[in-house]
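Okay, so here's the structure we're looking at.
We did not get these values from a lab; they are worked out from the coordinates using the rules stated. Note that the coordinates shown come from a computational prediction; the quantities given were computed from them, not determined experimentally. Every residue, glycine as well, gets a Cβ built from its backbone with ideal geometry; the counts of neighbours run over all protein chains shown.
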């Protein structure tokens, strides 16, 4: 998440301020479902603040503090007065991309009253909401959200915090890609392994783009500038909740990342042939994957292509990798 946001006077893909309050209100209602007590909500990339204002209109017993992150000078100056209108609102001129932003939130004491919840129960006192920018950094950010879950990093140190985000349909296709589909990738597997994620609004609710979001780019400008081609594409609103029990155990993400990265390069190759690409001598893992003394559900079909592997299949691959005495030491740089 430590990547610099693009310096722009008009960040892409934010809620339009005028004329779209109905959309923002609908989104706020589903992004923050009713709870028995007020929660702390962190909103990143609010733009001019249509969704922010919709959240402020929710009953005070539902939200006791709204922390808004916006580093763009133009939008920040527009949002800052909201603090005077509602004491629950805290506007921070920091980027939602950067790790140190969330450290500043803690240093300000805005999360002091959020109690850490056991992992086997849902954290009902804290929620993260964001309209993720439709660019490469936005894609990286979404992937990072899911990667933080297994080791309970970032805001997940407070527990199984629910997230609600608006993202591009192209990113949703990658996240939700089923085994065997062209979009199936490393991000799909990790997301499916660590959380449940579902659409919170019918996709048609946010269509057409130009009636709900801004800035609106002409078709000609999007065709002529590659960096704009994803802007103006359909957007979806989704809710995410980490699993209490997940196959990627705490401390195992590095190994999953290593195996997924190495094997997805050969996504159309049967796992029995691709397994050797993990490291010299890795074909030894075949005996762990096909041992006939194991129950059928603990054996892997070696003819199955990489892109068709389910999360359960991947857990078998990782179990075999961990059993291998000569497995390479894996760690993040």
Check: For the range 234-274 and the range 70-138, what is the separation of their Cα centres, given in Å?
Finding: 28 Å
Notebook entry, point to check: Measuring from a point 7 Å past the Cα of residue 284 along Cα-to-C-beta, which residues in the range 292-326 have an amide N at less than 11 Å?
Noted result: 323-326
Item checked: Chain lengthening between residue 269 and residue 304 when straightened (0.36 nm per residue, less Cα-Cα) -> 11.8 nm
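Please find the FRET efficiency linking residue 292 to residue 250, where r is the Cβ-Cβ separation and R0 is fixed at 22 Å, and quote it to the nearest 0.05.
On the way: r = 32 Å, r/R0 = 1.45.
That gives a FRET efficiency of 0.10.
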Check: For the range 253-323, which semi-axes, largest first and in whole Å, follow from the square roots of 5 times the eigenvalues of its Cα gyration tensor?
Finding: 17, 13, 12
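What FRET efficiency comes out for the pair residue 103/residue 57, r = Cβ-Cβ distance, R0 = 35 Å, nearest 0.05? Mind dumping the intermediate values first?
Numbers: r = 30 Å, r/R0 = 0.86.
Efficiency for this residue pair is about 0.70.
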Next item on the list: May I ask you to compute the full-extension gain from residue 83 to residue 326, defined as 0.36 nm times their residue separation minus their alpha-carbon distance, rounded to one decimal in nm?
Entry: 81.7 nm
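Would you mind ranking 101, 310, 52 by Cβ crowding within 10 Å, fewest neighbours first?
Working: 101 19, 310 15, 52 23.
Least to most surrounded, the residues fall as 310, 101, 52.
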Note to self: Just want the ordering: 326, 128, 45, from fewest to most Cβ atoms lying within 10 Å of their own Cβ.
What the structure shows: 326, 128, 45
Note to self: Taking the number of other C-beta atoms within 10 Å as the exposure measure, put 64, 174 in order starting with the fewest.
What the structure shows: 64, 174
Check: Spin-label point model (7 Å from Cα, Cβ direction): what's the residue 183 to residue 37 distance in nm?
Finding: 3.9 nm
